Amino acid sequence: MKISGTGSVLPSKVVTNDMLSQFLDTSDEWITTRTGVKSRHVISDERLEDMAIEAARKALEDAGLRAEELDFIICSNVVNEYVTPQLSCIIQGGIGASCPCIDINCACAGFIHALEMAESFYKAGRVKNVLVVCAEEPTRMTDWNDRRTCVLFGDGAGAAVLTPGDNIKSIKLSASSSTDKLWQYRLLHPTPYVTKEEVDVPLQMKGQDVFKFAVKAASKDITRTLKETGLQADDVDHYLLHQANIRIINAIQDYLEQPAEKFPTNIEDHGNSSSSCCPILLDECSRNGLLKRGDIIAMSAFGAGFVSGAVLFEW
Ligand code: UT7
């Protein structure tokens with residue numbers, strides 16, 4: 001398969017570090033030096049499903065494809081206002097498609113997991129055109145009194161349209177269960193029969209553990225994709241990495257011994273929008289002319305689970 005079109009949508013509300021320091025014991029200096037984030041787009045009056053539909057429409061337009069031509073839709077999402085129906089079904093109706101669809105929750109690594117699933121469909125000869133949409137609102141998961149988490153995140157939706165081709169050179173996924181490092185509990189409705197204690201806990205994160213996992217997993221995943229294809233790190237034109245922390249990106253860059261210009265970022269004014277990071281960054285790099293036909297791109301992401309993945313593809 002190949003990526004034939006991309007699209008992305010951000011909420012209109014921009015929250016700067018200085019705005020956060022008005023109600024949190026934090027500062028622009030701390031957030032900028034420790035994370036690289038200066039501002040983020042935060043959902044206010046938008047609905048995530050509308051952003052997802054809009055991102056999908058943009059990707060279809062970019063690919064020159066009609067929604068009726070889609071054979072499958074995969075949506076990556078961690079939380080949204082609906083428990084059911086699945087977000088992919090809402091997107092399907094919103095864009096006017098009629099194909100089957102499925103939601104996946106692989107946290108921040110959702111885009112790469114979706115590509116791996118789609119690639120299997122292509123290899124099985126089951127699909128011609130696939131839409132992947134990542135739509136995330138992690139700012140609705142954090143406690144906005146917790147300076148350790150809420151400053152990191154932003155919201156957004158990114159989409160990619162896949163069509164037949166042989167541009168995917170390698171995809172590697174990994175999972176290593178570690179459920180006490182990055183997690184959230186959601187309270188379900190009570191029943192007359194539930195006797196266990198249940199709690200509602202916003203996103204919790206052991207930042208340094210996640211940081212170490214992220215650098216290790218991304219470096220390993222990218223190296224595995226290179227090894228499988230026989231390419232060297234130097235052969236890659238662009239490294240599009242999950243935008244969780246600029247220091248994580250810098251550490252991976254050091255490990256690969258590659259120049260900073262190969263690592264475009266948008267963390268400065270987006271923050272971490274979970275699985276949406278990768279397709280939003282891809283869309284922005286595509287639309288601003290950074291990517292040239294034939295360029296080799298390495299993409300990598302990691303997140304709660306822990307899960308991670310990398311994909312090596314030709315643009
Ligand atoms: O998508 C995947 C999900 N997440 C990630 O990839 C995140 C991975 N981890 C990280 O990016 C970093 O660990 C953080 C940015 C979360 C934290 O940075 P750190 O350099 O690991 O800081 P720390 O947790 O060691 O905290 C250092 C100090 C602490 O104060 P004390 O105990 O030294 O007095 C924190 O309380 O910084 C304090 N701190 C803050 N200070 C001002 C934590 N958050 C803030 C804040 N403003 N927002």
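Every number in this text was worked out from the coordinates using simple rules, so none of it is lab data. The structure presented is a predicted model; accordingly, all values stated were derived computationally and were not measured. All Cβ positions, glycine included, derive from the backbone under ideal geometry; neighbour counts span all protein chains shown.
Numbers below:
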{"quantity": "For the chain, built as a Gaussian network whose Cα springs stay under 10 Å, the top-fluctuating residue of 93, 271, 36", "calculated": "93"}
{"quantity": "Share, in percent, of DSSP beta bridges within the chain that are antiparallel, nearest 5", "calculated": "70 percent"}
{"quantity": "Percent of beta bridges antiparallel (DSSP, the stretch 2-166, rounded to nearest 5)", "calculated": "65 percent"}
{"quantity": "Computed label-point distance, nm, for sites residue 68 and residue 148 using a 7 Å Cα→Cβ extension", "calculated": "5.4 nm"}
{"quantity": "Charged-residue dipole, Cβ positions (Lys, Arg, Asp, Glu), the chain about Cα centre, Debye nearest 20", "calculated": "680 debye"}
{"quantity": "Dimensionless Rg over Rh [the chain; C-alpha; Kirkwood]", "calculated": "0.96"}
{"quantity": "Cα gyration tensor of the stretch 189-275 - equivalent ellipsoid semi-axes, whole Å, descending", "calculated": "37, 16, 12"}
{"quantity": "Rule-of-thumb Rg ratio for the stretch 1-44 [Cα; 2.2 N^0.38 Å; N residues]", "calculated": "1.61"}
{"quantity": "Helix-derived mean residue ellipticity, 222 nm - over the chain, DSSP H n ≥ 4, -39500 (n - 2.57), to 500", "calculated": "-9500 deg cm²/dmol"}
{"quantity": "With eigenvalues of the C-alpha gyration tensor scaled by 5 and rooted, the stretch 170-314, Å", "calculated": "33, 16, 14"}
{"quantity": "For the stretch 92-135, the spread of Cα positions along each principal axis, largest first, Å", "calculated": "27, 27, 11"}
{"quantity": "Cα lying deepest toward the dipole's positive end in the chain, options 171, 90, 60, charges on Cβ", "calculated": "171"}
{"quantity": "Qualifying chymotrypsin sites (Phe, Trp or Tyr not before Pro) in the stretch 158-264, DSSP loop, other Cβ atoms within 10 Å at most 12", "calculated": "193"}
{"quantity": "Euclidean distance between Cα centres, the stretch 264-315 to the stretch 102-117, Å", "calculated": "13 Å"}
{"quantity": "Added length on full extension, which subtracts the Cα-Cα distance from 0.36 nm per residue, residue 30 to residue 211", "calculated": "63.5 nm"}
{"quantity": "Cut-off 20 Å, label 7 Å out along Cα→Cβ of residue 13, residues of the stretch 126-159 by amide N", "calculated": "135-158"}
{"quantity": "Computed Rg/Rh of the stretch 138-256, alpha carbon atoms with Kirkwood Rh", "calculated": "1.07"}
{"quantity": "Dimensionless Rg over Rh [the stretch 2-166; C-alpha; Kirkwood]", "calculated": "1.04"}
{"quantity": "FRET efficiency for residue 83 and residue 233, using Cβ-Cβ distance with R0 set to 51 Å, rounded to 0.05", "calculated": "0.75"}
{"quantity": "Alpha carbon convex hull of the stretch 102-184, volume per residue in cubic angstrom", "calculated": "122 Å³"}
